[in-house]
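Colleague: The structure follows.
A short reminder: the numbers here are calculations on the coordinates, not readings from a lab. What you are looking at is a predicted structure, and each value in this text was computed from that prediction instead of being measured. Cβ placement follows ideal geometry from the backbone for every residue including glycine, while neighbour counts extend to all protein chains displayed.
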Amino acid sequence: MQTISWNSLPPWALLASRDILKAALPERRLSDTLKDVLSIITALPQLDLSEMAAIYIRDAGQDRQRLLHHNTADQLELPIDLPLGARMPECIADREDLHPYWIPITLPGNPDFGTGVFFSRSDRPINLESLSALRLLTQDIGPIIQQRNGCTSSLLDMVELSTDEIYIFEPQRFTISRTNATASVRTGYAREALNGMTPASLKVGISELDYRAKLMPLVEGSTQSVTFDATQRRRNGTVYPVKVHVWRIRGPSSDLFAEVAIATADQRKAFGLLEQVFDAIPGGIGVFDNRSRLLMANRRLYDLMNIPPEMFPPGSKFEDILRYNASRGEWGDGDPEAMVRERVEQAALGLPYSFERERKSGKVLAVRSEPLSNGGYVLSYSDITLRKRAEKDLIRHRDALERTVHQRTAEIAAQAAALEEALQQEKNINAMQRQFVAMTSHEFRTPLAIIDGAAQRIQRKKGEMEARFLADKTQQIRSAVARMVVRMESFLSAGRMDTGKIELTLVDCSLHKLIEQAIKRQKLSSQHHRFDAEIEALPSVIRCDALGISQVLTNLLSNAVKYAPRAPDITIRGWEEDGFVFLSVKDKGVGIDAEDVPKLFQPYFRARTSTGIAGTGIGLSLVKQIVALHDGDIFVESERGKGTCFTLVLPIQGPAAKDTAEPAPEVSAA
């Protein structure tokens with residue numbers, strides 16, 4: 001296909017050219033215009049281009065082209081300078097995922113005016129017709145740059161790239177319309193804030209009228225430039241001396257003034273002093289621009305990062321520095337490229353961050369990044385090895401101290417628990433003693449009164465006593481004595497339990513005999529109660545403490561009689577199940593409230609239904625403890641007004657502790 005010309009442009013290219021002309025309004029900033037022009041070209045579907053694009057302009061008097069403008073190319077490392085005649089830099093040519101188009105920008109008499117760089121969205125190159133259209137549309141860029149307010153490419157380079165402050169303003173109102181990055185950095189104002197201010201508003205001691213008077217020769221056209229000394233005021237109120245140069249730039253339709261504020265020798269001296277202070281900082285400091293290139297670093301940074309200064313001078317990429325350390329294993333195991341990419345992406349976010357890193361040598365570094373207002377960031381490294389060692393020592397000493405304190409606390413707690421137990425035992429003993437004294441006047445007075453009364457009757461009868469009379473009174477005396485013996489045994493056993501001195505004497509004994517003896521003893525004091533015992537299903541012999549179980553049976557039967565004064569029938573049932581004997585004692589007496597049942601086995605507790613009935617509150621507590629020593633259990637079922645049933649459970653083979661079997665002692669029925 002033949003290369004097309006303006007006359008043969010397809011309709012879509014002609015419409016794009018019209019849109020480019022509309023975007024090139026003279027009152028707009030050049031950077032905004034170029035952004036829109038590139039966007040118009042890359043948005044054409046017929047070209048299938050990526051949004052990334054860039055413009056290079058030849059630097060006047062130099063054999064190079066300099067990057068003037070780019071759209072969304074931060075993700076690509078474009079070079080700042082290109083030598084003339086270079087078709088494509090290696091950083092782009094080596095990228096397999098990119099298909100670039102290097103389009104020359106020419107002007108009449110200036111074939112090397114500049115270059116437009118575009119990138120295909122896909123792997124396929126565009127067809128010849130579209131490529132020819134792209135070449136013609138790119139040519140619209142040259143006249144826009146050349147004719148904008150009479151500015152030349154060299155002036156644009158000066159404004160965008162100069163290290164001195166540059167302010168472009170109109171000659172009527174002296175309002176700044178454009179500045180460079182250096183002006184923003186030096187004064188502390190954002191570019192948007194500077195636009196709309198006047199150069200005089202940045203000066204100390206120079207009013208608007210004074211400034212206009214100094215520029216009057218330029219206004220009148222009697223000179224090409226004006227030079228004077230001034231003092232600039234930063235946004236934070238600090239000041240610095242400058243040498244001011246102002247030129248009048250003539251254009252075809254209107255003129256502009258350009259002020260260049262150059263730092264004086266005093267300021268350069270101050271900057272040198274700043275560099276000395278920078279090097280004197282004990283930590284490592286590195287300043288990087290918005291493309292992550294090293295602008296400035298002190299010696300300590302190279303020492304802490306262990307990198308040679310000659311290998312990474314100012315202008316080096318942060319990525320290369322990271323890759324150098326990662327390749328030496330400074331970051332441990334893992335994919336070096338993945339780790340480098342992660343750090344670079346983190347830095348590109350423009351957010352502050354910090355972390356600690358231990359090098360292979362054992363040195364620990366604290367790394368911190370702080371973003372700059374105009375892009376870029378300051379990276380600081382601090383050696384915190386001694387601090388981390390001190391922290392580890394402190395933690396080790398703290399842990400040792402905590403272990404010692406914990407050990408001593410446990411010892412003190414054990415001693416306190418033992419003391420508390422001893423005090424509680426003493427309290428229990430004292431309480432039992434008080435209870436015993438209080439009980440004596442009631443529990444012992446009644447049987448003693450019975451004994452005394454029977455003895456007096458016998459004394460009065462003397463030789464006139466009948467056998468039946470004598471038997472009746474003797475029975476009363478024996479019943480009262482039995483009642484006193486039961487009470488005394490309960491208190492003595494309870495005392496041994498609370499002091500921990502009770503010991504079981506395990507023997508093979510007949511539970512039938514123990515039950516029969518307990519019933520016989522109970523009949524002595526309650527002749528009107530009837531005891532219905534069905535215990536044939538019990539084993540003939542169980543292993544237990546005969547005296548303790550006898551006391552349990554006596555207590556259960558005594559309670560059944562005492563709390564069922566108007567219900568004479570007491571039912572005793574016994575059976576064997578899974579290696580245990582079960583024995584229930586049931587009455588139809590006053591019963592127990594449901595809320596009192598869980599408290600029945602507490603020492604000295606008496607249910608509300610026991611009001612007016614003699615008792616000490618230690619019997620069931622003693623029963624529970626004796627049964628527990630036998631590895632057994634006891635359960636209670638009761639309902640107020642309907643009676644109570646206690647069920648005793650004991651292991652046939654006795655508790656887990658094994659003692660040598662002894663012959664069963666005779667348990668007296670009296």
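Colleague: Taking amide H atoms as placed 1.01 Å from N in the peptide plane, list the residues 5 or more away in sequence, or in a different chain, whose amide H sits under 5 Å from that of T72.
Modeller: Sorted by chain and number, the residues that satisfy this come to none at all.
Colleague: Oh, and also: Could you give me the ³J(HN,Hα) list for region 630-641, computed from phi with Karplus coefficients 6.51, -1.76, 1.60 and θ = phi - 60°, whole Hz, x at Gly and Pro?
Modeller: Couplings: 8, 6, x, 7, 9, 10, 9, 10, 7, 9, 4, x Hz.
Colleague: Report the calculated FRET efficiency for I249 and S8 (r = Cβ-Cβ distance, R0 = 35 Å), to the nearest 0.05.
Modeller: 0.35
Colleague: So which trypsin sites (Lys or Arg not before Pro) in region 314-344 pass both tests, a DSSP loop state and at most 16 other Cβ atoms within 10 Å of the Cβ?
Modeller: R328
Colleague: Counting only C-alpha contacts under 8 Å and six or more residues apart, can you give the relative contact order of region 537-625 as a whole percent?
Modeller: Relative contact order comes out at 26 percent.
Colleague: Right, next: Could you pull out every residue, at least 5 positions away or on a different chain, whose amide H is within less than 5 Å of the one on F119? Hs are placed 1.01 Å off N in the peptide plane, and Pro or chain starts have none.
Modeller: S50, Y101
Colleague: When N counts the residues of region 503-651, how does its alpha-carbon radius of gyration compare numerically with 2.2 N^0.38 Å, as a ratio?
Modeller: Against the empirical 2.2 N^0.38 Å value, I get 0.99 for region 503-651.
Colleague: Right, another one. What FRET efficiency, computed as 1/(1 + (r/R0)^6) with R0 = 51 Å and r the Cβ-Cβ distance, is obtained for L351 and A418, rounded to the nearest 0.05? All intermediate terms of the calculation are to be shown ahead of the outcome.
Modeller: Working: r = 61 Å, r/R0 = 1.19.
For L351 and A418, the calculated efficiency is 0.25.
Colleague: Within region 332-433, how many lysine pairs that are 8 or more places apart, or on different chains, have C-alpha atoms less than 24 Å apart? Walk me through the numbers on the way to the answer.
Modeller: Values: K360/K388; K360/K392; K363/K388; K363/K392.
Count of close lysine pairs: 4.
Colleague: Using 0.36 nm per residue of separation minus the Cα-Cα distance, give me the extension gain between K317 and F605 in nm, one decimal.
Modeller: 95.0 nm
Colleague: Pull up all non-local amide H partners of F580: gap of 5 or more, or a different chain, and H-to-H distance under 5 Å with H placed in the peptide plane.
Modeller: Distant-sequence amide H within range of F580: I652.
Colleague: Looking at the square roots a ≥ b ≥ c of the eigenvalues of the Cα gyration tensor of region 281-383, which shape do they give, rounded for a/c under 1.5, prolate if a/b is larger than b/c, or oblate? Each step should come with its number before you reach the end.
Modeller: Values: a/c = 1.37, a/b = 1.19, b/c = 1.15.
Note, shape of region 281-383 comes out rounded.
Colleague: Next up: Which shape class, rounded, prolate or oblate, goes with region 566-648 when its Cα gyration tensor gives a ≥ b ≥ c as root eigenvalues, a/c under 1.5 marks rounded, and past that a/b bigger than b/c marks prolate?
Modeller: oblate
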